[in-house]
Amino acid sequence: MKNPIIQLFRTRIYMAIFLLALLMVVGVLGFKFMSNYSWIDAIYMTVITITTVGFGEVQPLDEFSKIFTVCLILASVVIVGYALTVITEYILSKNNFEELKLKKMQKKIDKLSGHIVICGYGRNGRQAAKKLMAHKKSFVIIEQDKDIVDKLQDEDISYVFGNANEDETLLRAGVDRADTIICALPNDADNLFVVLSARQLNKNLRIISRASQETSYEKLKLAGANNVILPDRIGGDHMASLVVVPDLIEFIDNLSIVGRSDINIEEISTEKLYNTSEVKTIKDLDLRHKTGCTVIGYKNGEGEYIVNPEAELKLVPNSKIIVLGRPEQIQKLNSLYDIN
């Protein structure tokens, strides 16, 4: 969204340019037809008159031409002065506005806590932001490309303009208060450096990093990344799976895991499902009867996953269940347990 102050200054600049052009045209036509100058001489006289450089006349002027020249000089002083004032104010106001906008954005970021930081707004970073936005998650983009930052301003997305490799930039993005950081820079070495810096700044931070080379996988893990994603390998596996088990892959592709209107899979913390003083089993929850959803997975407090858990499995603190259902069933589940 464009700022009205900047638009006002641009309008005034266009007016100043129009007045300068009109002054030039009047001067050239005046010297051409009143003093019988050639077109070149008329342009020359107009330019030296408007700019008041003080060069001599091409040929002597009659009284009427002298009066015209005086009027042209007075008009040029006013119009040129106006144009210089408008342009100067525009430059200063634009710089001040950019600084004010950055301060406003920083105040907005300083209020965030438990958010996601995305380093790089390339293909992977943009896709991650799109998913997070659909799921109503707060996030901050770190980007050093000015053209991309200008687009982020128009899209009203929180951002930090700078190099993600610098600790100061990470801190301005609130990495010390963040829940997760996504390293989506195109270079593995840059991602590795960000992972190391982020882990030092926030020991409890969940770090997800992109990797272009398989040799970078272990290095990023050792540096402190919780998850390392290799987009090329995932893409190749997906295409091969479409050959081996096409119907199964198409079914999975049709499942939506983010959004609000068409979500099919949801993960729920067990703390939302029962009082901490009551330890229940999956069977006791009776989610199938209450919401129509089916429990397809369970993650215990140690981070271990169980696919298709038994109904008698006990729910323990700091664990999660994963449920599958139609969009309306998932919405019913979210409403029943007040899941945001």
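Selection of first residues in segment 261-283 that are surrounded by fewer than 13 Cβ atoms within 10 Å (Cβ to Cβ) and of second residues that are modelled with pLDDT of 85 or more and charged (D, E, K, R), restricted to Cβ pairs under 9 Å at least 6 apart or on distinct chains, gives the following pairs, ordered by first then second residue: GLU267/LYS299; GLU267/LYS320.
May I ask you to verify whether ASP154 is outside the structural domain of LEU102 (by TED's automatic domain parsing), more than 17 Å from GLY224 (Cβ to Cβ) and among the charged types (D, E, K, R)? Criteria met by ASP154. Report yes if HIS289 is out of contact with any Leu (no Cβ under 9 Å at 6 or more places or on another chain) and modelled with pLDDT under 85, otherwise no. It is false that HIS289 is out of contact with any Leu (no Cβ under 9 Å at 6 or more places or on another chain) and modelled with pLDDT under 85.
Residues in segment 242-263 include none that are within 25 Å of ILE322 (Cβ to Cβ), assigned by TED's automatic domain parsing to the domain that holds ILE296, more than 28 Å from the chain's Cα centre (by Cα) and part of a helix (DSSP H, G or I).
Exactly one residue out of VAL149, VAL140 is part of a helix (DSSP H, G or I), within 11 Å of the chain's Cα centre (by Cα) and either assigned by TED's automatic domain parsing to the domain that holds CYS183 or surrounded by 15 or more Cβ atoms within 10 Å (Cβ to Cβ) (or both), and it is VAL149. Of all the residues in segment 162-196, those that are assigned to a loop (DSSP other than H, G, I, E, B) and aliphatic (A, V, I, L, M) number 6.
The values are calculated or read from the model by the stated rules, or taken from the named source; none is laboratory data. Everything numeric here is computed off the predicted structure, so don't read it as measured data. A quick note on method: Cβ atoms are made from the backbone with ideal geometry, for glycine too, and the neighbour counts reach across all protein chains shown.
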